[in-house]
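Student: The structure that follows is given in the form of structure tokens.
The values are calculated or read from the model by the stated rules, or taken from the named source; none is laboratory data. What you see is a predicted model; the values in this text were computed from it and never measured. Cβ atoms come from the backbone with ideal geometry, glycine included; neighbour counts cover every protein chain shown. Protein only, heavy atoms only, side chains kept; ligands, DNA and RNA dropped before computing areas. Shrake-Rupley method; radii C 1.70, N 1.55, O 1.52, S 1.80 Å.
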Amino acid sequence: CSPKRGKEGREMITRDTPIFLVGYMGSGKSTIGRRLADRMEREFIDTDIFIERRFHESVANMFTSVGEEAFRRREAVVIEELSGFPNAVIATGGGLPCHHGNMELMNQCGVTVFLQVSLDVLAQRIELCKRTRPTVRHLSGAALEEHIRQAMEVRLPIYQQAQYSIPCDDICTPKDEIRVAEEIALLLDH
Ligand code: S3P
């Protein structure tokens, strides 16, 4: 994109403006992202899946084959490419906004929405889906909670740079997903 949007650029959202969802693992970026893309008639893109297709390898494997630093560089390349993508809702990997100035790029090129979830709810959700998440799959119980707490200490100030924040603790059913997607769509559609 040609970076020109700031917080005051909210009112300039057009079809060409990508919508980026940010937040920790388990915050609902992919689930809500799909619903939002349906609601707004946009394409849904998940950066983890995009990277896996591009590099023909799972994210979990990349952490062992090329290492986290190389994965973060891949994320940076991909988010720069996607920032010029029209008509998209983009769910970003949990660590993506926190490296290589990616949060700044997303704020300049698109509209950013932070899906905000409390630590205990994150821990409950991640316990159920940690197998494919290399940074947490070896952890459980108190150790998992402590890992999330420490990660969020670093990440929260970055996620909070998003232009919008949506509380996402109470998403249990498809009806809840649709309600939250509708809430975001109305916020952005004004
Ligand atoms: C990560 C989050 C994951 C994935 C990778 C690292 C992180 O994405 O990018 O496992 O550092 O928080 P999700 O947030 O989509 O699970």
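Student: Would you mind stating whether V89 is within 28 Å of I171 (Cα to Cα), in contact (Cβ under 8 Å) with a residue 12 or more places away in the chain and open to solvent by less than 50 Å² (accessible area, probe 1.4 Å)?
Tutor: Judged against the criteria, V89 is a match.
Student: Could you tell me which of the residues E57, E104 is of a type in the set (D, E) and not in a helix (DSSP H, G or I)?
Tutor: E57
Student: Return the total of residues in the range 1-38 being modelled with pLDDT of 95 or more, open to solvent by 70 Å² or more (accessible area, probe 1.4 Å) and closer than 18 Å to F85 by Cα.
Tutor: Here the count works out to 2.
Student: I would also like to ask the following. I'm checking my understanding of the structure. Among residues of the range 116-143 that are of a type in the set (A, V, I, L, M, F, W, C), open to solvent by less than 60 Å² (accessible area, probe 1.4 Å) and within 13 Å of the ligand (Cβ to nearest atom), which one is nearest to the chain's Cα centre (by Cα)?
Tutor: That would be V117.
Student: Are any of the residues in the range 100-109 within 14 Å of the ligand (Cβ to nearest atom) and open to solvent by 10 Å² or more (accessible area, probe 1.4 Å)?
Tutor: yes
Student: Out of everything in the range 39-61 that is in contact (Cβ under 8 Å) with a residue 60 or more places away in the chain and out of contact with any strand residue (DSSP E or B) (no Cβ under 8 Å at 6 or more places or on another chain), what residue ends up being farthest from the ligand (Cβ to nearest atom)?
Tutor: The residue in question is R39.
Student: While we're on this one: Which of the residues belonging to the range 144-176 are charged (D, E, K, R), closer than 16 Å to V22 by Cα, more than 14 Å from the chain's Cα centre (by Cα) and open to solvent by less than 70 Å² (accessible area, probe 1.4 Å)?
Tutor: Correct list: D169 only.
Student: Does the range 60-73 hold any residues that are open to solvent by less than 50 Å² (accessible area, probe 1.4 Å) and more than 15 Å from the chain's Cα centre (by Cα), and which are they?
Tutor: Across the range 60-73, the qualifying residues are A60, M62, F63, G67, A70, F71.
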